[in-house]
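Quick notes on the structure that follows.
The values are calculated or read from the model by the stated rules, or taken from the named source; none is laboratory data. Computed from a predicted structure; not experimentally measured. Note that we place each Cβ from the backbone using ideal geometry, even for glycine, and neighbour counts take in every protein chain shown.
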Amino acid sequence: MRYEELDELLRESLQEERAEARALLEGMERSVTVELASRPSAKPAWRRWWGILRRPPLAMRSAVAAGIVLALVVGFLAGRMWGPGGLGLERTAGTMFAVAAPQADSVAVMGDFSAWEPVHLEDRVGDGVWTAVIELPPGRYEYAFLVDGRWVGQDPVADEYVRSFGEYASVRYVEGD
């Protein structure tokens, strides 16, 4: 066999293989195209999440609404229980004087509004916070607490302090309604 004959055989063989491959590729291209067209479009993950966030399912919206309603109800009930008037504290008009003295047996407030006569405070809840509500007209008042007979002139919630005769007294400004 000569080189020319071998060359001719190779050429014919390659042409046959190319024709068979072309037929296979044309069929494959068509089947891949049909397969891809039948699949749902694959969105990127962020687009799927954006769709859920933009228009959440009904169950998710219902759960969020129920959570908001529950938080409002719990907040309302907590305000009623621990707010002013809850747990034994009654709402009254006037100026409240309060001091934390958990170990004290008796606590009083006195000031220029009472001619420096003691007005006894009460610990109604038993938590060591002694309170009294006193009706005062608008003005400036100096006062101090007597805790078990000991002078306590610097109230942490006072508007200011004054010192006279060697002792501090607290000052509170009462405004009108």
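Results for (1) on the phi < 0 side of the Ramachandran plot; (2) under 60 Å from the mean Cα position of the chain (by Cα); (3) in a loop (DSSP other than H, G, I, E, B), shown as yes or no for each residue.
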{"residue": "LEU6", "(1), (2), (3)": "yes, no, no"}
{"residue": "SER13", "(1), (2), (3)": "yes, no, no"}
{"residue": "ARG22", "(1), (2), (3)": "yes, no, no"}
{"residue": "VAL32", "(1), (2), (3)": "yes, yes, no"}
{"residue": "PRO40", "(1), (2), (3)": "yes, yes, yes"}
{"residue": "TRP46", "(1), (2), (3)": "yes, yes, no"}
{"residue": "ILE52", "(1), (2), (3)": "yes, yes, no"}
{"residue": "ARG61", "(1), (2), (3)": "yes, yes, no"}
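Looking only at the stretch 112-139, which residues are of a type in the set (D, E, K, R) and within 25 Å of SER164 (Cα to Cα)? Walk me through how you get there before you give the answer.
Start the filter on the stretch 112-139 by keeping residues that are of a type in the set (D, E, K, R), which leaves 112, 117, 122-124, 127, 135.
Hits for the stretch 112-139 are ASP112, GLU117.
Just to be sure I understand, how many residues within the stretch 167-177 are without any contact (Cβ under 8 Å) to a residue 40 or more places away in the chain and either crowded, with 16+ Cβ neighbours inside 10 Å or not in a loop (DSSP other than H, G, I, E, B) (or both)?
Of the residues in the stretch 167-177, the ones without any contact (Cβ under 8 Å) to a residue 40 or more places away in the chain are 167-168, 170-171, 173, 175-177.
This time we only want the ones that are either crowded, with 16+ Cβ neighbours inside 10 Å or not in a loop (DSSP other than H, G, I, E, B) (or both), so: 167-168, 170-171, 173.
Total meeting the criteria: 5.
Hey, TRP116 hits all of (1) free of Cβ contacts under 8 Å to residues at least 12 places away in the same chain; (2) in a strand (DSSP E or B) but one; which does it fall short on?
Looking at each condition in turn, TRP116 falls short on (2).
Across the stretch 148-166, what is the total count of residues that are surrounded by 12 or more Cβ atoms within 10 Å (Cβ to Cβ), in a strand (DSSP E or B) and within 39 Å of the chain's Cα centre (by Cα)?
So the answer is 2.
Give the stretch 140-177 a look and list any residue that's under 12 Å from GLY111 (Cβ atoms) and among the small types (Gly, Ala, Ser), or say none.
Within the stretch 140-177, ALA144, GLY153, ALA158, ALA169, SER170 meet the criteria.
Go through the residues of the stretch 82-96 one by one and say whether even a single one is modelled with pLDDT under 85 and part of a helix (DSSP H, G or I).
yes
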